[in-house]
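*Asks:* Dropping a structure here in structure tokens format, bear with me for questions.
The values are calculated or read from the model by the stated rules, or taken from the named source; none is laboratory data. As the structure is a computational prediction, the values presented were derived from the model and not from experiment. Because the Cβ atoms are built from the backbone with ideal geometry, glycine has one as well, and the counts that use them run over all protein chains shown. For accessibility, only protein heavy atoms count, side chains too; no ligands or nucleic acids. Shrake-Rupley method; radii C 1.70, N 1.55, O 1.52, S 1.80 Å.
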Amino acid sequence: GITIFVPKDSAFSSLKKPSLSNLTEDQLRSLCLFHAMPHYYTLADFKNLTDLSPVSTFGGGQYGLNFKDDKGTIHLSSGLTNTK
């Protein structure tokens, strides 16, 4: 299985309207691969990912994700953005 991260609509509210439509095909592919991990993780699994950080995405080693469990809330850091 795989795990796919899908941002909420609010994540795009600060972007200029044509920002995603101006991406090249290779840039779109890279963006999609960065948002997917080559393993299926349940919500409970994310607590254990803290010890494995950074965890690779389909985007490759340079696009690893860091996880931190803060009292049951999982924080994710990509180096470009932080979310929970």
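*Asks:* If amide H atoms are built 1.01 Å from N in the plane of the peptide, which residues on other chains or at least 5 residues away come under 5 Å of the amide H of S56?
*Replies:* Here L65 satisfy the definition.
*Asks:* For the chain, give the percent of accessible area contributed by carbon and sulfur heavy atoms, probe 1.4 Å, rounded to a whole number. Each step should come with its number before you reach the end.
*Replies:* Numbers: 3580 of 6360 Å².
That share works out to 56 percent.
*Asks:* Something else now. Residues of the chain: accessible area per residue at 1.4 Å, in Å²? Don't skip to the answer; put the middle values down first.
*Replies:* Numbers: 6360 Å² over 84 residues.
Normalised by residue count, the accessible surface of the chain is 76 Å².
*Asks:* Assigning unit charges at the beta carbon (Lys, Arg +1; Asp, Glu -1) and nothing else, what dipole magnitude in debye, to the nearest 20, does the range 3-77 show about its Cα centre? Don't jump to the answer; show the numbers that get you there.
*Replies:* Details: 7 positive and 7 negative charges, 48 e Å.
With only Lys, Arg, Asp and Glu charged at Cβ, the dipole is about 240 debye.
*Asks:* Determine ³J(HN,Hα), in whole Hz, for all residues of the range 46-52 in sequence, where each value follows from phi through the Karplus function 6.51 cos²θ - 1.76 cosθ + 1.60 and θ = phi - 60°; x replaces Gly and Pro.
*Replies:* My calculation for the range 46-52 gives 5, 4, 7, 5, 3, 6, 9 Hz in order.
*Asks:* Further, regarding this structure: With the contact rule set at Cα under 8 Å and sequence spacing of 6 or more, what percent relative contact order holds for the chain?
*Replies:* On the way: 103 pairs, mean separation 19.2, N = 84.
Dividing the mean separation by the residue count of the chain yields 23 percent.
*Asks:* Once the dipole of the chain is set up with Lys and Arg at +1 and Asp and Glu at -1 on Cβ about the Cα centre, which of L49, Q27, G59 lies farthest towards its positive end?
*Replies:* Q27
*Asks:* In deg cm²/dmol, rounded to 500, what helix-only [θ] at 222 nm does the chain give when every DSSP H run of at least 4 residues adds -39500 (n - 2.57) and the total is split over its residues?
*Replies:* Values: 1 runs with 10 residues, N = 84.
That calculation yields -3500 deg cm²/dmol at 222 nm.
*Asks:* For A44 paired with K71, estimate the spin-label separation in nm (one decimal), with each label point 7 Å from Cα along the Cα-to-Cβ line.
*Replies:* Reported label-point gap for A44 and K71 is 2.3 nm.
*Asks:* Same structure, new question: Which of rounded, prolate, oblate describes the chain, given a ≥ b ≥ c as roots of the alpha-carbon gyration tensor eigenvalues and a/c under 1.5 marking rounded, otherwise prolate only if a/b is larger than b/c?
*Replies:* Working: a/c = 2.21, a/b = 1.54, b/c = 1.44.
The shape class here is prolate.
*Asks:* On C-alpha positions alone, give me the angle between the axis of helix 25-34 and the longest principal axis of the chain, in degrees, nearest 10.
*Replies:* Compared with the principal axis, the helix lies near 20 degrees.
*Asks:* Let me ask something additional. Mind checking which lysines have their C-alpha under 28 Å from K47, skipping anything on the same chain fewer than 8 residues away?
*Replies:* Of all the lysines, those that pass the test against K47 - Cα under 28 Å, at least 8 places apart if same chain - are K8, K68, K71, K84.
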